[in-house]
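The values are calculated or read from the model by the stated rules, or taken from the named source; none is laboratory data. Here the structure is a predicted model, which is why all the values come from computation and not from measurement. As a convention, Cβ positions derive from the backbone with ideal geometry for all residues, glycine included, and neighbour counts pool all protein chains shown. Note: accessible area is taken over every heavy atom of the protein model, side chains too, but ligands, DNA and RNA are not part of it. Shrake-Rupley method; radii C 1.70, N 1.55, O 1.52, S 1.80 Å.
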Amino acid sequence: MCHYRFEERNCIRRTQGATEQLIVYAMLWNEDLDRNPAHLPIKSLQIVYGSGTIAVEVPDTAQMLIFRRDLIDSSESVRSALNASAVSAKPSKENCQHCPVKLLCQPYWESLPSVSSDDHLSNNQVTLIKARGDRAWLATVTASAAIEVGQKIIVRNYEGGKAFWNDLRSGLSIRLTDGVLSSQEETDVPVFNLSMMSEALFLS
Ligand code: SF4
């Protein structure tokens, strides 16, 4: 049993993993004629934690066959991925959240518009249009999980902010990470506030 809400997702994953593990054991027990020569059936399956016990339904023969087939298929795909000469990128929120090379990862930025965004920090690729004073640029979004491609945005530096700011110019395409989105009430143009963690990659 999970005691804390923030642990629930991990707990569910852990339990799913343990359930699959138990079914693998059940499958081995069913087919191991050395240790189970009389082919004794499995009567119950249980995952026992310090905090409680979880009963797992014993799969019938048909379910066991499907499980076996799935296991063989997923082992095959892992094997072929490991043997592939190039490892393909698999961008996702979970995979990429803390990836240190995401600024350089083209598949990540291409995937952004199809990713749902409920993150506090936002990553956006933009093309700069025009400076708005010393600390802001009007830009067009070219990749983002939170803003539609083509929408105008204000990119704002923070006080005493980023060193690359002086190198910005009209027409520059740039990737920016770890900013915070807010809205500019008078114009409805979203504002992308750079933070101390923000990094940039100049594209062209
Ligand atoms: S950003 Fe690219 S390299 Fe990093 S985890 Fe995501 S897909 Fe992999």
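Pairing each residue of the range 104-126 that is within 17 Å of residue 148 (Cβ to Cβ) and within 11 Å of the ligand (Cβ to nearest atom) with any residue that is open to solvent by 20 Å² or more (accessible area, probe 1.4 Å) and part of a strand (DSSP E or B), provided the two are 6+ apart or on different chains, yields C-beta distances under 8 Å for 109/125; 112/123; 112/125; 123/178. In the set 19, 61, 15, only one residue is of a type in the set (S, T, N, Q) and surrounded by fewer than 10 Cβ atoms within 10 Å (Cβ to Cβ); that residue is 61.
Here's the yes/no breakdown for (1) open to solvent by 20 Å² or more (accessible area, probe 1.4 Å); (2) of a type outside the set (Gly, Ala, Ser); (3) touching a Ser or Thr at 6+ places or on another chain (Cβ under 7 Å):
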position: 109; (1), (2), (3): no, yes, no
position: 119; (1), (2), (3): yes, yes, no
position: 131; (1), (2), (3): yes, no, no
position: 139; (1), (2), (3): no, no, yes
position: 142; (1), (2), (3): yes, yes, yes
position: 146; (1), (2), (3): yes, no, yes
position: 149; (1), (2), (3): yes, yes, yes
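The single condition from (1) surrounded by 15 or more Cβ atoms within 10 Å (Cβ to Cβ); (2) in contact with a strand residue (DSSP E or B) (Cβ under 7 Å, 6 or more places away or on another chain) that residue 161 fails is (2). Among the residues of the range 92-103, those that are surrounded by fewer than 18 Cβ atoms within 10 Å (Cβ to Cβ), near the ligand (Cβ under 6 Å from one of its atoms) and not polar (S, T, N, Q) comprise 99, 101.
Pairs are defined by a Cβ separation below 7 Å, a sequence spacing of at least 6 or placement on different chains, a first member in the range 35-52 that is loosely packed, with under 13 Cβ neighbours inside 10 Å, and a second member that is assigned to a strand (DSSP E or B) and of a type outside the set (A, V, I, L, M); the pairs so defined are 46/53. For the range 81-91, the set of residues classified as more than 13 Å from the chain's Cα centre (by Cα) and open to solvent by less than 70 Å² (accessible area, probe 1.4 Å) consists of 81, 84, listed by residue number. When 155, 115, 126 are checked against the criterion of being out of contact with any strand residue (DSSP E or B) (no Cβ under 8 Å at 6 or more places or on another chain) and open to solvent by less than 60 Å² (accessible area, probe 1.4 Å), 115 stands alone in meeting it. Summed over the range 152-204, residues that are among the hydroxyl-bearing types (Ser, Thr, Tyr), at pLDDT 95 or above and more than 26 Å from the chain's Cα centre (by Cα) total 1.
Can you spot a residue in the range 104-122 that is part of a strand (DSSP E or B) and either out of contact with any Cys (no Cβ under 7 Å at 6 or more places or on another chain) or of a type outside the set (Asp, Glu) (or both)? Taking every residue of the range 104-122 in turn, at least one turns out to be part of a strand (DSSP E or B) and either out of contact with any Cys (no Cβ under 7 Å at 6 or more places or on another chain) or of a type outside the set (Asp, Glu) (or both).
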